[in-house]
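A short write-up of the structure that comes next.
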Amino acid sequence: MGDVTWTNWGTFDELRIRFDNGRADSVVTTDWKQVFRYSLGTTFTPNKNWTFRAGTAYDQAPVPSNRRRTARIPDADRLWLALGAGYGFTDALTFNVAYVHLFIDNTKITKSTADPEDRLRGGLMGTYSGSVNIVSAELKWVF
């Protein structure tokens, strides 16, 4: 199985926080780009009860540069690795379990007071790193 997904992040122009107390809006210009996500997967069914699944995906980050990265959304490219298994007790009752690990690229943020938008907020320089683990389980009963 395979999939290519295009996401038009270019329509997400800004992150705006409006305050009810009359304070001026907090605005972060995103200037994000359009990106793709590529994925491949396989399913193996050795008998009528068991199903095994594996897959991988590469997910591009829409942030165009270190200057446009924000501490509120410290996005970076991601590699997904997934494994799963299912067992069918009957035609109507199945159990599925899966594990996914996301490897997230180390990335930098470089916000400068020379940028008019960050003049009052101040500069911010640093490096982000991260990873994500996802475990899921499902009991499906068809009636």
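The values are calculated or read from the model by the stated rules, or taken from the named source; none is laboratory data. Values in this document were obtained by computation on a predicted structure and should not be read as measured data. Cβ placement follows ideal geometry from the backbone for every residue including glycine, while neighbour counts extend to all protein chains displayed.
A few notes on this one:
- Among the residues listed as Arg18, Arg23, Arg67, Arg53, the single one being within 18 Å of Val97 (Cβ to Cβ) and either within 17 Å of the chain's Cα centre (by Cα) or basic (Lys, Arg) (or both): Arg53
- Sole residue being over 24 Å from Asn133 (Cβ atoms), at pLDDT 95 or above and crowded, with 17+ Cβ neighbours inside 10 Å, chosen from Gly84, Gly88: Gly88
- Residues in segment 6-57 that are surrounded by 14 or more Cβ atoms within 10 Å (Cβ to Cβ), basic (Lys, Arg) and farther than 25 Å from Asp118 by Cβ: 2 in all.
- Extreme residue, surrounded by the most Cβ atoms within 10 Å (Cβ to Cβ), among residues of segment 91-131 that are within 16 Å of Arg69 (Cα to Cα), touching a residue at least 12 places away in the same chain (Cβ under 8 Å) and in contact with a Leu (Cβ under 9 Å, 6 or more places away or on another chain): Lys111
- A Cβ distance below 9 Å, combined with a sequence gap of six or more or placement on separate chains, defines the contacts here; from segment 24-46, residues that are under 25 Å from Asn8 (Cβ atoms) and in contact (Cβ under 8 Å) with a residue 60 or more places away in the chain reach residues that are surrounded by 14 or more Cβ atoms within 10 Å (Cβ to Cβ) and of a type in the set (Val, Ile, Thr) in the pairs Val28/Thr70; Val28/Ile73.
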